[in-house]
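Below is one structure, written out as structure tokens, with a few remarks after it.
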Amino acid sequence: MLWIVVSAIVVSSLSFWGGYKRLLYLDNITPRRFSITLLGVLIVFLVLQWMHRVGYFPEAIAGAVMANAYASAFGFFTGATVQQFQQKKGAGDIIYINRSFWTDIFPSIVGIGIILFGIQRTSLFSELPLTPIRVTSGLSIMAVGAYSFTIRLVPEFRSKGIVLLDRIIKWDNFLSYSWFSEEVLEIEFKLNGKIKSFKTMIPDEDSIFIEKKLTEKIAERLDKEEFDEYEELE
């Protein structure tokens with residue numbers, strides 16, 4: 001069992017690096033990519049199940065593979081959680097966020113529920129024996145719960161940029177805004193050389209405030225661009 005524990009620690013450490021370096025963002029997950037990934041996982045699972053039945057994949061090896069798979073998920077989501085907290089801290093104070101039960105309280109309840117389920121899955125507080133699979137699976141679920149606390153369903157307008165799910169859009173990359181409808185604001189921004197946009201709900205009583213702040217940010221960006229052009233001319 002010792003080698004399983006050691007391998008799980010190594011795998012989770014490597015996965016932590018991958019999650020912390022943000023090798024994957026939520027907006028990279030498309031329906032097509034998600035479907036292909038699920039299909040690949042299903043194929044691998046079926047192949048391993050067949051190998052187990054014919055005797056080429058003994059239970060001891062199967063347990064080690066599953067423990068390392070859970071350890072990988074634990075490391076990745078833990079790294080992403082740490083990076084996301086640091087990113088939000090670096091984005092400055094919150095200027096505006098559309099708070100409601102569904103954007104604040106409900107996601108927190110879900111996150112707490114996921115973490116509690118992960119604790120229960122580890123069997124730390126039950127009479128079941130501790131095994132690498134139980135511990136790593138519980139830790140992976142807890143990491144997902146912790147990660148959910150870093151993700152908001154609505155954008156956070158902060159002093160240094162806009163936090164959109166797991167990305168930060170710096171004000172330098174903010175291009176324009178327009179009202180898609182009476183309470184739906186559309187934001188255009190630049191990401192990796194491409195112009196993208198997102199829509200978000202803004203209550204009517206907050207519309208004047210958010211318009212003022214966004215107009216100020218546009219003016220600041222234009223002033224900075226003019227200053228940079230002047231510096232280049234000199």
> Scanning the stretch 199-234 for residues that are modelled with pLDDT under 90 and aromatic (Phe, Trp, Tyr), which turns out nearest to Asn173 (Cα to Cα)?
Replying inline: Phe227
>> Being of a type in the set (A, V, I, L, M, F, W, C) and farther than 18 Å from Trp179 by Cβ is the filter here; which residues of the stretch 195-228 pass it?
In response: Ile195, Ala219, Leu222, Phe227
> So is Val163 in a helix (DSSP H, G or I) and within 25 Å of the chain's Cα centre (by Cα) or not?
Replying inline: no
> Would you pick out the residues in the stretch 192-219 that are among the basic types (Lys, Arg) and without any contact (Cβ under 8 Å) to a residue 12 or more places away in the chain?
Replying inline: Lys194, Lys196, Lys212
>> Within the stretch 172-185, does at least one residue satisfy the condition of being under 19 Å from Leu26 (Cβ atoms) and part of a strand (DSSP E or B)?
In response: no
>> Looking only at residues that are in a helix (DSSP H, G or I) and not hydroxyl-bearing (Ser, Thr, Tyr) in the stretch 20-33, which one is surrounded by the most Cβ atoms within 10 Å (Cβ to Cβ)?
In response: Asp27
> What number of residues within the stretch 98-118 satisfy the criterion of being touching a Phe, Trp or Tyr at 6+ places or on another chain (Cβ under 7 Å) and among the hydrophobic types (A, V, I, L, M, F, W, C)?
Replying inline: 0
>> For the stretch 90-141, which positions are polar (S, T, N, Q) and on the phi > 0 side of the Ramachandran plot?
In response: Ser123
> Of the residues that make up the stretch 129-145, is at least one outside any loop (DSSP other than H, G, I, E, B) and over 26 Å from Ala62 (Cβ atoms)?
Replying inline: yes
> How many residues does the stretch 121-148 hold that are at pLDDT 90 or above and either surrounded by fewer than 19 Cβ atoms within 10 Å (Cβ to Cβ) or among the hydroxyl-bearing types (Ser, Thr, Tyr) (or both)?
Replying inline: 5
> Give me the pairs: first residue in the stretch 174-189 and more than 13 Å from Lys217 (Cα to Cα), second residue part of a loop (DSSP other than H, G, I, E, B), beta-carbon distance under 8 Å, and six or more apart or on different chains, which are they?
Replying inline: Glu183/Ile202; Glu183/Pro203; Val184/Ile202; Leu185/Ile202; Glu186/Phe180
>> Out of everything in the stretch 34-91 that is farther than 30 Å from Thr150 by Cβ and either touching a Lys or Arg at 6+ places or on another chain (Cβ under 7 Å) or touching a residue at least 60 places away in the same chain (Cβ under 8 Å) (or both), what residue ends up being surrounded by the most Cβ atoms within 10 Å (Cβ to Cβ)?
In response: Ala64
> Only one of (1) in contact with a Pro (Cβ under 8 Å, 6 or more places away or on another chain); (2) under 24 Å from Phe85 (Cα atoms) fails for Asn173. Which number is that?
Replying inline: (1)
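The values are calculated or read from the model by the stated rules, or taken from the named source; none is laboratory data. What you see is a predicted model, and the numbers here were worked out from it, not measured in a lab. Quick reminder, even Gly has a Cβ in these numbers, built from the backbone with ideal geometry, and neighbours come from all protein chains shown.
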